[in-house]
Amino acid sequence: MTDAKRGFPENFLWGGATAANQLEGAFDADGKGLSSADMVAYVPKAERSNDHAIEITSGRIEQILSGEFKARFPKREGVDFYHRYKEDIALFAEMGFKVFRLSINWARIFPNGDDAEPNEAGLKFYDNVFDELHKYGIEPLVTLAHYETPLGLTQKYNGWASREVIACFTRYAETVFRRYQDKVKYWITFNEINMMTLSPFTGGGVVIDRVENKLQTIYQALHHQFVASALATKLLHEIIPGSQMGCMLARMESYANTCNPEDVRLNQHENQMNLYFTDVHARGEYPKYMDRYFAENNIVLHKETGDDEILKLHTVDYVAFSYYMTLTVSASPEGERAQGNLFGGVKNPYLKASEWGWQIDPAGLRIMLNTMYDRYQKPLFIVENGLGAYDKVEADGSIHDSYRIDYLRQHIAQMKEAIHDGVELIGYTSWGPIDLVSMSTSEMSKRYGFIYVDLDDDGNGTLNRSKKDSFHWYKKVIASNGAEL
Ligand code: BGP
């Protein structure tokens, strides 16, 4: 029931979102295996872009494993949540979090992805984290796979390119559903499932130089993830009554650069190519427009008998997404490119961009929420949104991050408008409530947190936590259920 005066529903889930590989550290502790994210951490700066398109070759994996790269590039260690989770959760509780999004690192539970038995130490760690959250009445929201495909599955099967990985994933999912059935109600299968098209290794542990046809492999791997996601949804509903499964998309609401019908049609196509992922998850079938795309790109999906039925029967309960920017597309090759923006496009003259070139668009969030709700008529959950920025620590230790407050305030105001428009929005977890390692840069200096972590790009620092101005601001937002922005 919406409170008409304040906008947000009474039980709205306010909180923050993280990923194991960017937060926990302890990348090889207590039996954990290596994952795709652990490899990505070694990619040197010169080979990175702000748009998340990071490629890993077989040769690079060999170099990393042989130690050649370890010596030259500091490894991504997270911010030691593994040992400091009690202190961090106490700070989340102080802000009034209702929900905390984290991922279970698959390689902590099944170090090679297909081990005979799960790793008890890994299972125990998440038991402790969930217990600590419940101590403060914070609901965990768990992502099963946030770029953490066990490296063993890459070596054995080339990751999600192989259908074999579906069974490995469902076994992992069933293990954690049974173990945490009394502790976790909200789940997500794959973080930003569309990452597979930008970076198949990050999205699915797929090494592209091992395959002949890149596009064919990408869409086949995605098919395997869709089937795995539907099977996990089925298992979840059987094992934990009343639980909720969500899909998760890096949503790129796209605009046409002009009203030239060629731009408008290209824009329609861009939006369809982004929404196909949620179409499969939420409607339970491939949208018709993909048939033409597959045919024109010589992609022949291999489906097994029963796949279509599985997709149809086990759709998600809610639709979740990250929202950082919008995309503007032009059919003409002229025009200034939007440097750094995910999925490219041209520069939108009406928008400012972050220091990394991501085009900031609060009003676009309202547009996007309306688009998504019209299309799926399912509850929506914003599970990532935020501003990556350089923070300055003053002599007295304070951090005045008014730019971050402005960014979040404007986005939350648009969420309120969307709720007023009739959209069923169930929660908001801003990205990186505590500073963590950036996905695109593998550095610390691109910060998102309300909580500052004393750690620099070279891995030096005390790891001490301190509160930024935004900490106090977000606490007020939650306490007033979004009335005080
Ligand atoms: C999303 C990822 C996150 C996160 C975020 C911010 O795409 O799901 O893992 O990192 O982007 O990106 P970055 O860290 O590159 O600024």
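Miscellaneous remarks
- Flag for Gly159 being touching a residue at least 60 places away in the same chain (Cβ under 8 Å), more than 18 Å from the chain's Cα centre (by Cα) and surrounded by fewer than 24 Cβ atoms within 10 Å (Cβ to Cβ): no
- The residue list Ala353, Ala338 contains one member that is of a type in the set (A, V, I, L, M, F, W, C), under 19 Å from His269 (Cβ atoms) and free of Cβ contacts under 8 Å to residues at least 60 places away in the same chain, which is Ala338.
- Count - residues of segment 345-354 that are away from the ligand (no atom under 15 Å from the Cβ) and in a loop (DSSP other than H, G, I, E, B): 6
- Residue within segment 46-56 that is crowded, with 20+ Cβ neighbours inside 10 Å, basic (Lys, Arg) and either modelled with pLDDT under 90 or not in a strand (DSSP E or B) (or both) present: no
- Number of positions in segment 198-240 that are closer than 21 Å to Ser442 by Cβ, within 16 Å of the ligand (Cβ to nearest atom) and not small (Gly, Ala, Ser): 4
- Filter pass, Lys183 being surrounded by fewer than 21 Cβ atoms within 10 Å (Cβ to Cβ), in contact (Cβ under 8 Å) with a residue 40 or more places away in the chain and part of a helix (DSSP H, G or I): no
- Among the residues of segment 417-464, those that are among the aromatic types (Phe, Trp, Tyr) and within 13 Å of the ligand (Cβ to nearest atom) comprise Trp431, Tyr448.
- Scanning segment 244-280 for residues that are without any contact (Cβ under 8 Å) to a residue 60 or more places away in the chain, closer than 30 Å to Val184 by Cβ and either in contact with a Phe, Trp or Tyr (Cβ under 7 Å, 6 or more places away or on another chain) or within 16 Å of the ligand (Cβ to nearest atom) (or both) yields one hit, Val280.
Here is a yes/no grid of residues against (1) in a helix (DSSP H, G or I); (2) touching a strand residue (DSSP E or B) at 6+ places or on another chain (Cβ under 8 Å):
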residue	(1), (2)
Ala107	yes, yes
Gly113	no, yes
Glu132	yes, no
Leu141	no, yes
Leu144	no, yes
Tyr147	no, yes
Leu153	yes, no
Lys156	yes, no
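- Subset of segment 129-156 that is within 19 Å of the chain's Cα centre (by Cα) and acidic (Asp, Glu) - its residue that is farthest from Met245 (Cα to Cα): Glu148
- One residue alone among Thr154, Thr189, Thr175, Thr143 is out of contact with any helix residue (DSSP H, G or I) (no Cβ under 6 Å at 6 or more places or on another chain), within 16 Å of the ligand (Cβ to nearest atom) and modelled with pLDDT of 95 or more, and that residue is Thr143.
- Restricting the first member to segment 113-136 and to residues that are among the aliphatic types (A, V, I, L, M) and surrounded by fewer than 16 Cβ atoms within 10 Å (Cβ to Cβ), and the second to residues that are modelled with pLDDT of 95 or more and not in a loop (DSSP other than H, G, I, E, B), the beta-carbon pairs closer than 9 Å and six or more apart or on different chains are Ala121/Asp30; Ala121/Gly31; Ala121/Arg108.
- When segment 18-58 is filtered for residues that are touching a Leu at 6+ places or on another chain (Cβ under 9 Å) and within 12 Å of the ligand (Cβ to nearest atom), the ones remaining, listed by number, are Thr18, Ala19, Ala20, Gln22, Leu23, Asn50, Asp51, His52, Ala53, Ile54.
- Within segment 422-449, considering residues that are over 16 Å from the mean Cα position of the chain (by Cα) and β-branched (Val, Ile, Thr), the one farthest from Thr143 (Cα to Cα): Val423
- Annotation: Asn21 fulfils all but one of (1) within 23 Å of the chain's Cα centre (by Cα); (2) over 22 Å from Gln155 (Cα atoms); the unmet one is (2).
- Identity of the residue in segment 355-373, touching a strand residue (DSSP E or B) at 6+ places or on another chain (Cβ under 8 Å) and not in a helix (DSSP H, G or I), that ends up nearest to the ligand (Cβ to nearest atom): Glu355
- Looking across segment 303-335 at every residue that is touching a His at 6+ places or on another chain (Cβ under 8 Å) and either within 16 Å of the ligand (Cβ to nearest atom) or outside any loop (DSSP other than H, G, I, E, B) (or both), the one that is farthest from His269 (Cα to Cα) is identified as Asp307.
- Look at segment 372-396: where a residue is under 14 Å from Tyr452 (Cβ atoms) and a partner is more than 14 Å from the ligand (Cβ to nearest atom) and part of a strand (DSSP E or B), sitting 6+ places away or on another chain with Cβ atoms under 9 Å, you get Asp391/Tyr452; Val393/Tyr452; Val393/Ser466.
- All positions within segment 158-172 that are assigned to a helix (DSSP H, G or I) and either of a type outside the set (S, T, N, Q) or within 16 Å of the ligand (Cβ to nearest atom) (or both): Gly159, Trp160, Ala161, Glu164, Val165, Ile166, Ala167, Cys168, Phe169, Arg171, Tyr172
- Tyr85 meets the conditions (1) modelled with pLDDT of 95 or more; (2) crowded, with 17+ Cβ neighbours inside 10 Å; (3) away from the ligand (no atom under 16 Å from the Cβ); (4) not in a helix (DSSP H, G or I) in every case but one. The failed one is (4).
The values are calculated or read from the model by the stated rules, or taken from the named source; none is laboratory data. On a predicted model such as this, the values are computed, not experimentally measured, just so you know. Heads up, the Cβs are rebuilt from the backbone with ideal geometry, glycines too, and the neighbour counts pull from every protein chain shown.
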